[in-house]
Amino acid sequence: MDVSGEVADLLAKESLQAAETAAKLAGSGLKNVAALLLALSKDDYKVVGKTNSKRLARDPAPAEVIRLKKEDIPQFEKLAKEYGILYFIAQKKGNESGIVDIVSNQNYAALLNAAMEAMHYPIPEKAVQEESAAKKAPSRAQPERSSPERGSGSNPQRTDTTPEKPSVRGRLAALQAASDGMKSAPVKQKEHTR
C-alpha cells in the first residue's frame with residue numbers, strides 16, 4: 001500500500017476547497033466595496049435609516065409622509081433599519097401633540113406600509129379615496145360649449161346641429177294621425193304569385 005499517494009490527493013483536494021472559499025469571499029467583498037464606492041460617488045453616504053431632508057430631496061421620487069406617535073419612534077427606527085427604509089423625522093418646534101411626521105419617498109412606500117403594519121397602525125386609505133374621486137370628476141369640456149366643427153383642421157366638416165330634439169309625444173301623435181288617415185282609405189292588397 002502506498003499511503004503517500006492518498007495523502008497527496010487529500011492535500012490537493014483540501015487546497016482546492018480553500019482556494020474556492022477564498023475566491024467566494026473575495027468576490028462578495030469586492031461587490032460590497034463596489035456598492036460603497038458607488039454610494040460615495042453619488043454623495044449618498046446613507047443608504048438606509050435616518051437621514052436629512054437634503055438627502056431625500058436629491059431623489060426625484062415624490063415624498064411620502066406618515067404620522068407617528070412620539071413614543072413609537074424607537075420601534076419605528078428599529079423596523080426602518082431592518083426593512084431598509086431611508087427616512088427623516090419632521091416636527092414643528094414646540095409641538096406638544098405627541099405626533100411626528102415621518103418623511104420618506106415613494107420608493108419606500110411599500111416598506112413604510114409594512115413597518116406600520118408591524119407596529120399595528122392602520123393602512124392609510126388616502127390613495128383609494130383619491131382614485132375614486134378622480135374617476136367621479138366631471139369632464140373638463142362642457143357639452144354646450146363644444147365646437148360645432150369636427151375634423152383635422154385642414155378640412156373642417158360641419159356637423160348637423162338641430163336646436164331641439166323633437167318630442168316623442170309629438171312624433172307619436174303624428175304617426176297616429178297618419179295611421180288614422182290610412183284606415184279611412186281603402187287599402188289595396190298585393191297578390192302573391194309563385
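Listing for the model above:
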{"quantity": "Estimated vicinal HN-Hα couplings, Hz - region 65-75 in sequence order (Karplus 6.51, -1.76, 1.60; Gly, Pro = x)", "calculated": "10, 10, 9, 8, 6, 4, 6, 8, 4, x, 5"}
{"quantity": "Residue-wise HN-Hα coupling along region 90-97, computed from phi with Karplus coefficients 6.51, -1.76, 1.60 (Hz; x: Gly, Pro)", "calculated": "10, 8, 6, 5, x, 6, 9, 6"}
{"quantity": "Gain on full stretching of the segment that runs from residue 54 to residue 78 - 0.36 nm per residue minus C-alpha separation", "calculated": "6.4 nm"}
{"quantity": "Distant-in-sequence amide H partners of residue 105 (H built 1.01 Å from N, under 5 Å)", "calculated": "64"}
{"quantity": "Order of 169, 55, 67 - criterion: other Cβ atoms within 10 Å of each residue's Cβ, fewest first", "calculated": "169, 67, 55"}
{"quantity": "Extension gain (nm, one decimal) between residue 171 and residue 19, 0.36 nm per residue minus Cα-Cα", "calculated": "45.1 nm"}
{"quantity": "Residue 86 long-range amide H proximity, modeled H, under 5 Å", "calculated": "49"}
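Readers should treat all values here as calculations from the given coordinates under stated rules, not as data from a laboratory. Only a predicted model underlies this, so the values are computations on that prediction, with no experimental measurement involved. Using ideal geometry, Cβ is built from the backbone for each residue, glycine included, and neighbour counts are taken over all protein chains shown.
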